[in-house]
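I have placed the structure first, in the form of structure tokens, so that the comments after it can refer back to it.
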Amino acid sequence: MLLERALEGDELSISRLLTKIEYMSSEGLESLQELMKRSGKAHVVGITGSPGAGKSTLIGELIKEYVTRGHRVGVILIDPSSPFSMGSFMGNRIRLTSVEEKNVFVRSIASRGHLGGISSEALMLIEALDGLGFDRIIVETVGAGQTDTDVVNGVHTIAVVNVPGTGDEIQALKAGIMEIGDVYVVNKADKVEAEMLFNVLRFAIDTAEVDYRDGWKPKLVKTIATKGVGIKETVDIFEEHLEYLKQKGIFDKRIRERRIKMMELLLRKKVNDVITKIIRENNEIISKKLNEEHDIIGILNEMYKLVKETM
Amino acid sequence: MSQERRIKVLVAKLGLDGHDRGAKVIARALKDAGMEVVYTGLRQTPEQIVKAALQEDVDVIGVSILSGAHLELVPLVVQQMKEKGLNDVVLVVGGVIPPQDIPKLKEIGVDEVFLPGSSLKEITEKITKAVVTKRGLKIAS
């Protein structure tokens, strides 16, 4: 059995199993059910931030630090799919030089058109890696910027990576992504503008301009990922946040939220598939009625009825 | 509710030459053909390439090599693939390969060799065909 070999730690079996889960084959879903009995232990950390902020390089360093501390690390790298060809170019692995380490499993997945960065596939992979015994899981999400907040539902700890010199402080205060961090990382801290960005973020945190999720006052840390500077401190903060979540009973609450989100996304996908099918099959009728009879209400009701019948 | 598979390809530069323009063009073309491309960049060892392919569960490994060391390095990739059990993964090689070396590469297990001048269309089609026969996949259109 693939699942048994994966649980024993066989890399090829883990890899093949993850694909079956990602594509929701019956074996994949059955295995995921089994794995969910074991999951719920891993600390899941989301790394987000705009493209070029240095997320991948930072993750490479975080992996090393986690491994040094004796953890098994699962990593999920999410890259956008092209809305035109549905293909994708996933280049985040380039900067992960530490993946030759044992106890590290890195998987790139394409967002396949899911807005919000974290897709149902990613949530299923988190669940699977957790169940396979990876006790620290890092998720790098599409740095699509200000609306990339679905990640909140999938992870315990969110680190927002900021980089100096990308604009005035107003950019940093824009709504959306800036409000979601539990940890704010100022990467490339050797740049001249770093001090200013650090102070702006300090002020935003001190004045509660950003959210104090579950009563946690967000922490701020400086890193130079390319030189390994500030990495220990960053992991220390992650661990401190983990302790906080466990003490407050929030750790398990987040896992329950993540599973609900996973079900919601899977259900949406299922419904969406039906809609896509109905539209494709009735393309001509819809077009004819719309353009010749201009009967929006009639078609909408008719299609809705078809969708309900098909489901 | 099983979904149709997309072809997943690893594109890597094998060995020490630093010319990755070709590899990037190929990666882009495969993406535009609807494939999911994991690009691992320059100066990769056979071990690194196969390790990445293993964890990503790719259908195809595409290595680009312009240094002339293909007869030394490609067999090492094949050996690593066998050791890790990647027997059903398609291996394609692209780059400056003397035509007389092509049979040698195919003999050790390379599925396709693409020389300068290969059209992007030809590359995409041959890769898709190789994946269908070797992996038995139903491919999303």
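Brief remarks follow.
Yes or no, residue by residue, for (1) more than 10 Å from chain A (Cβ to nearest Cβ); (2) out of contact with any Leu (no Cβ under 7 Å at 6 or more places or on another chain); (3) on the phi > 0 side of the Ramachandran plot; (4) at pLDDT 95 or above:
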residue	(1), (2), (3), (4)
B:Gln48	no, yes, no, no
B:Lys51	no, yes, no, no
B:Val58	no, no, no, yes
B:Gly68	yes, yes, yes, no
B:Leu71	yes, yes, no, no
B:Lys82	yes, yes, no, yes
B:Asn87	yes, yes, no, no
B:Leu91	yes, yes, no, yes
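- Some residue of the stretch A:12-23 being within 14 Å of chain B (Cβ to nearest Cβ), in contact with a helix residue (DSSP H, G or I) (Cβ under 8 Å, 6 or more places away or on another chain) and acidic (Asp, Glu): yes
- Within the stretch B:71-103, being out of contact with any Asp or Glu (no Cβ under 6 Å at 6 or more places or on another chain) and surrounded by 24 or more Cβ atoms within 10 Å (Cβ to Cβ) holds for B:Val74, B:Val77, B:Val93.
- Any chance A:Val274 is surrounded by 13 or more Cβ atoms within 10 Å (Cβ to Cβ) and either in a loop (DSSP other than H, G, I, E, B) or in contact with a His (Cβ under 7 Å, 6 or more places away or on another chain) (or both): no
- Residue match in the stretch B:16-35 (condition: outside any helix (DSSP H, G or I), at the interface with another protein chain (Cβ under 9 Å from one of its Cβ atoms), closer than 21 Å to A:Leu12 by Cβ and not aromatic (Phe, Trp, Tyr)): no
- Residue identified as assigned to a helix (DSSP H, G or I), within 13 Å of another protein chain (Cβ to nearest Cβ) and not basic (Lys, Arg) among A:Ile94, A:Ile78: A:Ile94
- Residues of the stretch A:1-34 that turn out to be more than 19 Å from B:Asp88 (Cα to Cα), touching a Ser or Thr at 6+ places or on another chain (Cβ under 9 Å) and among the charged types (D, E, K, R), as a count: 1
- Condition check for A:Arg256: within 25 Å of the chain's Cα centre (by Cα) and loosely packed, with under 12 Cβ neighbours inside 10 Å: yes
- Selected residue [of a type in the set (Phe, Trp, Tyr), part of a helix (DSSP H, G or I) and under 30 Å from A:Ile63 (Cβ atoms)] from A:Tyr304, A:Tyr244: A:Tyr244
- B:Leu42 at the interface with chain A (Cβ under 9 Å from one of its Cβ atoms), more than 30 Å from A:Lys270 (Cα to Cα), of a type outside the set (Asp, Glu) and over 12 Å from the mean Cα position of the chain (by Cα): yes
- Top-ranked residue in the stretch A:62-90 [being surrounded by fewer than 19 Cβ atoms within 10 Å (Cβ to Cβ) and among the small types (Gly, Ala, Ser); ranked as nearest to A:Ser50 (Cα to Cα)]: A:Ser82
The values are calculated or read from the model by the stated rules, or taken from the named source; none is laboratory data. Small disclaimer: the values here were computed from a predicted structure and weren't measured. Don't worry about glycine lacking a Cβ; one is built from the backbone with ideal geometry, like all the others, and counts go over all protein chains shown.
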